[in-house]
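These notes concern the structure reproduced below.
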Amino acid sequence: MRAARLSVLTFTAVAALTAVTGCTEKGSSGDSDRVIDVTATDSKCEVSKKAFPAGHVELAIENKGSKVTEVYVLFPDDRIVTERENIGPGTKQKVTVEVKAGDYTLACKPGMKGDGIRQELKATGGTV
């Protein structure tokens, strides 16, 4: 009987600890210097910052245009680091990307066609 009570208490403590830790965010995604706001329209691709610390970075994308758009983070040679497709007009999406220090390009593609409207980005420092 005593072993059963101890097992129940242990299970309850583990469940409570799991619930609490499950609610915390990984890394420093709440850190404002790791969030880049991206505003896409039919003719513009605006970013809240062009330089940020290397490591995990969150793109908070808002499509204020009338066309479905895509947003890409590209290496200098146009290889894809990450992408978010099918972002409808008036909608918001988030994507997290891990980047090393270096130069990148962010491309918004209104209508999901062409090379996109581009912004140069720079990840600074070492990786996290």
Expressed in Å to one decimal, the Kirkwood Rh of the stretch 28-124 from all distinct alpha-carbon pairs is 13.0
Footprinting exposure proxy for PHE75, PHE52 (fewest neighbouring C-beta atoms within 10 Å first) = PHE75, PHE52
Sum up the charges of everything whose Cβ sits under 11 Å from the Cβ of PRO110, counting Lys and Arg as +1 and Asp and Glu as -1, but leave PRO110 out.
-> +3
Principal axis dimensions, largest first and in whole angstrom, of the stretch 37-92 by Cα = 32, 22, 18
Taking the DSSP beta bridges in the stretch 28-124 as the whole, what percent of them are antiparallel, to the nearest 5?
-> 75
Pairs LYS64/LYS122; LYS64/LYS113; LYS67/LYS122; LYS50/LYS113: which exceed 21 Å Cα-Cα?
-> LYS64/LYS122; LYS67/LYS122; LYS50/LYS113
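We did not get these values from a lab; they are worked out from the coordinates using the rules stated. Since the model is a prediction, treat every value here as computed from it, not as a measurement. We place every Cβ from the backbone using ideal geometry, glycine too, and count neighbours over all the protein chains shown.
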